[in-house]
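Shown next, in structure tokens, is the structure this report addresses.
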Amino acid sequence: MEPTGERLRTPRAAGLAGIAFALLLAAAIVLMRIAVPSGDAADAAVDPDRRWAVRVALEIVPFAGIFFLWFMGALRAHAGEAEDRFVATVFLGSGFVFVATLFVAAGAAGTVLAEDTPSDFGRHYAYTVLATYAMRMAAVFVFATSTIGRRLGVFPKPLVLLGTVAGLVLIVVGSGVPWSELVFPAWALIISVHILRTRP
């Protein structure tokens, strides 16, 4: 039998980790958007005065990934044996793939730090991986989390509707609308605050 104290701490861990992840990812996205032009940009040069933003973002991303995994694990532990295996598999798979693509995008974005010839390919590659692939995996994660929350009765209908809208924006809009990536950390922040406010 699971200790009561651990069950009571799980929602708090999920909430705090989710807030940390949301703030760190949002900061990294803003810094990268400021420093690295979109994949459609014709100019290959990156303003040397803005390379500091790339360096800071690259330092932030690993911690954002760590907190996301903690957030994901705490949510799954809170769901316990009541979770549906199919939805739980989609939940875990999309979360792991999101973190992997996030790290790949960050690694590619680091090529703009080259002093002499910033990598145009690296910048475009980073933009494509983040805006097209990572955000679509994030959309699947949002859908799975909202489904689990609805089935367990822990998410109110407005929060489930918010998850549906956020997921649709991420999976349909994708790279078509600049800054749309911020929808995911915004959703994670709202979910985390809700978890903290309604924890046992």
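The numbers here are math on the coordinates, done by the rules we state, and not lab data. If you're wondering where the values come from, they're calculated on a predicted model, not measured in any experiment. Quick reminder, even Gly has a Cβ in these numbers, built from the backbone with ideal geometry, and neighbours come from all protein chains shown.
Here are a few things to note about the model shown:
- Multiplying the residue separation of Val30 and Arg55 by 0.36 nm and removing their Cα-Cα distance gives an extension gain of 7.7 nm.
- Using a simple spin-label model with pseudo-atoms 7 Å out from Cα toward Cβ, Val177 and Lys157 lie 2.5 nm apart.
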